[in-house]
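Please read the structure below before turning to the comments.
The values are calculated or read from the model by the stated rules, or taken from the named source; none is laboratory data. Computed from a prediction, not measured in an experiment: that's the story for all the values here. Here the Cβ positions follow ideal geometry from the backbone for every residue, glycine too, while neighbour counts run over all protein chains shown.
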Amino acid sequence: MKVLYIVPFVPWEIRVRSFNLIPRLARRHEIYLVSVSTHEPTMQEQAWIDRYCRKSVHVKQSLPVALAHCLAALPTGTPLRMAYCRSREAQAAVRRFSDEVLPDVVYVERWRALDFLPEAVAAPLVCDPTDSMTLYNQRLLDAGSWWERLVAWGEHRKFSKCEGKLAMRPDACVFCSRVDLEAVQAQAPEARFELVPNGVDCRSYFFKDESEEQPGAIAFTGRLEYGPNRHAAEFFLNRVFPLIQSEVPGASFTAVGKGAPRVLARYSGRPGFHAVDFVPDLRPFLARAAVTVAPLTVGAGVSNKLAEGFAVGTPVVATPLACGDLPVTSGNQLLIASDEHEFARHTISLLKDASLRRAIAARARRFVEGYDWEVVAGKMENLLEEIGSKHSRESGERALATTA
């Protein structure tokens, strides 16, 4: 099967979904990639793309033009996220590529990338927004900074009116959590929705040995340039970590992810705190930690931090928001905390009780094996094959009816 795969970024390790789906889909299918972003792929990124994609096209987006589109969209009903990605060059590239490849199915990741796909492309379409933008902006309104709330006010209003319309274009819409799925389904009950969660590579994130663990170490992982991760790290540093240090004086907290030293620079002198920029392998940092935390207060979907901690064998303390609709319960696969005091208590109890850490870690590992990327990619592959074959069958039936 030929899959035309369209993304509004260069697929790489920080883009967890495409980085894990593309290699697995490429085992049995031909992947033709169109990526659109303001920077060209690096040599390393291009080598990865060439390894798994039969052919690829990158369209470099002009940042001044993208910002001009956002400015023009302010008085309209178009969300800024959608306006930012408007690109005639990308549409033309996709049209040419589609005419050349004749794909069996088109896969588009994120709502904003739908703008790259001309209506003239007749192949069946699967859109993977991953998260609901209506829900995402609602949570920013509730817990974002003043400027984020200002932007979210307009974005929420616009997405609440257009997200359902966006969902009507694809043959199927894919979300990573049922909460997000249902938020959009309420706007477009007649559209088709499918649930395909994010996963974890259980072979790469193998279960740790007790000797790898450092007493009192706490870890947080994620791209700190992403607003919800920045909010989470700041919430923990401002309101939770001081409570922990008062009970566990030797506790340390390490934030690992792209942009961490820059985004969290004002905390650089905080005793016990360390910031580490992007690393190609998070497992050593997770394995060294006695506890990993997911203190998300804004965002949508399900946090990848849970699955990674579960797989490595480091117990997780998380907010309910970070759990999404995963079938987990506090005290079983992890500990869930609703405020800073409960978050601190749970973290302290794990830091002080090795047997509790081991028991939760073992249950979490068994649980997350059902979310291995091999399982998740299989679900996505089945959906793409179904949509593609259904369209091919219906096209054949129409052709027969025309000649009859």
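Numbers at a glance
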read-out	value
Subset of the stretch 303-333 (residues that are buried (at least 23 other Cβ atoms within 10 Å of the Cβ) and charged (D, E, K, R))	LYS305, GLU308
Per-region count, the stretch 1-20, residues charged (D, E, K, R) and without any contact (Cβ under 8 Å) to a residue 60 or more places away in the chain	1
Filter result for PRO284 (modelled with pLDDT under 95 and surrounded by fewer than 17 Cβ atoms within 10 Å (Cβ to Cβ))	no
Residue count, the stretch 164-179 (criterion: within 18 Å of the chain's Cα centre (by Cα), closer than 25 Å to LYS390 by Cβ and crowded, with 18+ Cβ neighbours inside 10 Å)	4
Test: residue in the stretch 271-287 that is farther than 18 Å from GLY222 by Cα and touching a residue at least 12 places away in the same chain (Cβ under 8 Å)	yes
Scope the stretch 214-228; condition touching a residue at least 60 places away in the same chain (Cβ under 8 Å) and under 21 Å from ARG288 (Cβ atoms); matching residues	GLN214, PRO215, GLY216, ALA217, ILE218, ALA219, PHE220, THR221, GLY222, ARG223
Selection count, the stretch 76-114, where residues are over 24 Å from LEU25 (Cα atoms) and of a type in the set (D, E, K, R)	4
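The rows are residues; the columns are (1) surrounded by 15 or more Cβ atoms within 10 Å (Cβ to Cβ); (2) of a type outside the set (Val, Ile, Thr); (3) more than 26 Å from CYS176 (Cβ to Cβ).
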{"residue": "GLU194", "(1), (2), (3)": "yes, yes, no"}
{"residue": "ASN198", "(1), (2), (3)": "yes, yes, no"}
{"residue": "ASP201", "(1), (2), (3)": "yes, yes, no"}
{"residue": "PRO215", "(1), (2), (3)": "no, yes, yes"}
{"residue": "PHE235", "(1), (2), (3)": "yes, yes, no"}
{"residue": "GLN245", "(1), (2), (3)": "yes, yes, yes"}
{"residue": "PHE253", "(1), (2), (3)": "yes, yes, yes"}
{"residue": "LYS258", "(1), (2), (3)": "yes, yes, no"}
